[in-house]
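Asks: What follows is a structure written as structure tokens; I'll ask about it next.
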Amino acid sequence: MAEGVPLVSEGEPSTESRVAELCSILLGATPALGEASGEASFDLAKRAAEALVQEVIERRAREERLERRLNDNMVMLNSIVSFDFTKRAEVSDRGDAWDALALGLNMVAEELASRVVSKEYVDNILQSMSDLLVVVDKAGSITSVNAAACRLSAYAAEELLGAPASSIFPGAFPCVMGDDESSVLLEETAFQKKTGEIVPVSLSTSVISGGLGESQGLVCVARDLTERKRLEEEERQRLEQVVQTQALLLEELSTPLMPIADQILAMPVIGSVDDRRSTQIMETLLNGVVAREARIVIIDITGVRKIDARAVQGIVNAVKAVKLLGAQVVLTGIRPEVAVALMELEFNLGGIYTFGSLQTGIGYAMKQLQKPKPA
């Protein structure tokens, strides 16, 4: 029997006594051993008993080893089920079935660990997106959101999960869910915050397909258009200011008031004369007469394209307003067709001096200045 291998624990019969007892049993049970001489028979029985005990010890050790490897593999399985892929099962050099099982479990853990790392990497990317990401199932319920969606909506992720997508996209669902296309792009739609505030967003949706090509839901990516709208509004206001400034400049250029001499002003009217233009001409003339204390105002209509009732009425109103300030009005640029139009319209131009050219009107005005101003 191998030395140093305990067969019994303390308090139990010694190994020698158990072997002797076993030998007596073997001698009584085995005729061949009983026929041998006394001591030789006993030695033979002892060696047989020791071989039997050794076999029992080895079998027990083998069973303990198998049980330990079984427990090791069970721990490995529990770790995998618990999504802990850091543990590895022991693989010996025996190459038996248990080693094959342990090797297979290790390979599964490594594969799952690599996939989980990739999933976490992708999830980190999605969570760091500045655009909103919302995943919706076939029933229209939210199954996943990223941090941007929570920030804009003011909802916690737990509040959004399971909620209908129409609660945050009231204008897009269920019309998007019923669309037959694989993807839908809404350049602008409404996004509703937890407070009820509506935010303009652009929405892009794509269908999630399963392994057999069946639809499993939608991936919705939205972009907040608030800043873009603000910039567009600022740009629109800036353009309006530019247009207004240009319009004022054009009005000033279209109705210039030029001083010819002390107390003589001239205004060439170019283009068409409508109600707004008539008001502008009148205001410019009145302000100029008061500011320069003008005695004579020359209105030149050589550049007026069309003389109609509205244009003539506007000029007549301007003349009357200037005369109320005590200034004399001279009308120049009376072409033949203008004279005919004035006659056909039967406007009374009494009290207004008219001349065919601006030069003639200026000469007349200069002569009038040489006369004393009437009391």
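Asks: Report, to the nearest whole %, how much of the accessible area of the range 77-148 belongs to carbon and sulfur atoms, 1.4 Å probe, protein only. Could the numbers behind the result be given before it?
Replies: Values: 2720 of 4590 Å².
Looking at the range 77-148 in its full context, I get 59 percent from C and S.
Asks: OK, next. Probe radius 1.4 Å, ligands and nucleic acids left out: which of Leu101, Leu257 has the largest accessible area, and how do the rest follow?
Replies: Descending accessible area places them as Leu101, Leu257.
Asks: In whole Hz, with x marking every Gly and Pro, tabulate ³J(HN,Hα) for the range 52-67 from phi via Karplus 6.51 cos²θ - 1.76 cosθ + 1.60, θ = phi - 60°.
Replies: Using θ = phi - 60°, the values come out as 5, 4, 4, 4, 5, 5, 5, 5, 5, 5, 5, 5, 5, 5, 5, 5 Hz.
Asks: At 7 Å along the Cα-to-beta-carbon direction for both Glu120 and Arg65, put a label point, then send me their distance in nm to one decimal.
Replies: Between Glu120 and Arg65, the label points sit 3.7 nm apart.
Asks: Kindly write out, for the range 143-160 in residue order, the coupling ³J(HN,Hα) from the Karplus curve 6.51 cos²θ - 1.76 cosθ + 1.60 (θ = phi - 60°), rounded to whole Hz, with x marking Gly and Pro.
Replies: Listing the rounded values in order: 10, 7, 9, 9, 5, 4, 5, 5, 5, 6, 7, 6, 8, 7, 4, 5, 6, 7 Hz.
Asks: Tell me which residues come under 5 Å, amide H to amide H, from Asp300 once H is placed; ignore anything under 5 positions away on its chain.
Replies: Amide H neighbours of Asp300: Met267, Val269, Thr332.
Asks: Let me check something: with ligands and nucleic acids excluded, how do Phe169, Phe83, Phe355 order by accessible area (1.4 Å probe), largest to smallest?
Replies: Most to least solvent-accessible, the answer reads Phe83, Phe355, Phe169.
Asks: Going down the list Lys138/Lys194; Lys306/Lys367; Lys119/Lys193, which pairs span over 27 Å between their C-alpha atoms? Working shown, then result.
Replies: Values: Lys138/Lys194 24 Å; Lys306/Lys367 31 Å; Lys119/Lys193 29 Å.
Pairs exceeding 27 Å: Lys306/Lys367; Lys119/Lys193.
Asks: Using a Förster distance of 51 Å, how high is the FRET efficiency between Ser141 and Glu240, based on the Cβ-Cβ distance and rounded to 0.05? Display every interim value, and only then the final one.
Replies: Details: r = 45 Å, r/R0 = 0.89.
Working from the Cβ atoms, E equals 0.65.
Asks: Amide H neighbours of Leu225 under 5 Å, counting only residues 5+ apart in sequence or on other chains, H built in-plane at 1.01 Å?
Replies: Val201, Ser202
Asks: Follow-up question, since we're still on this one. Using only protein heavy atoms and a 1.4 Å probe, report how much of Tyr155 is accessible, in Å² to the nearest 10.
Replies: The accessible area of Tyr155 comes to roughly 60 Å².
The values are calculated or read from the model by the stated rules, or taken from the named source; none is laboratory data. A quick note: this is a predicted structure, and the numbers were derived from the prediction, not measured. Using ideal geometry, Cβ is built from the backbone for each residue, glycine included, and neighbour counts are taken over all protein chains shown. All accessible areas refer to the heavy atoms of the entire protein, side chains included, with ligands and DNA or RNA removed. Shrake-Rupley method; radii C 1.70, N 1.55, O 1.52, S 1.80 Å.
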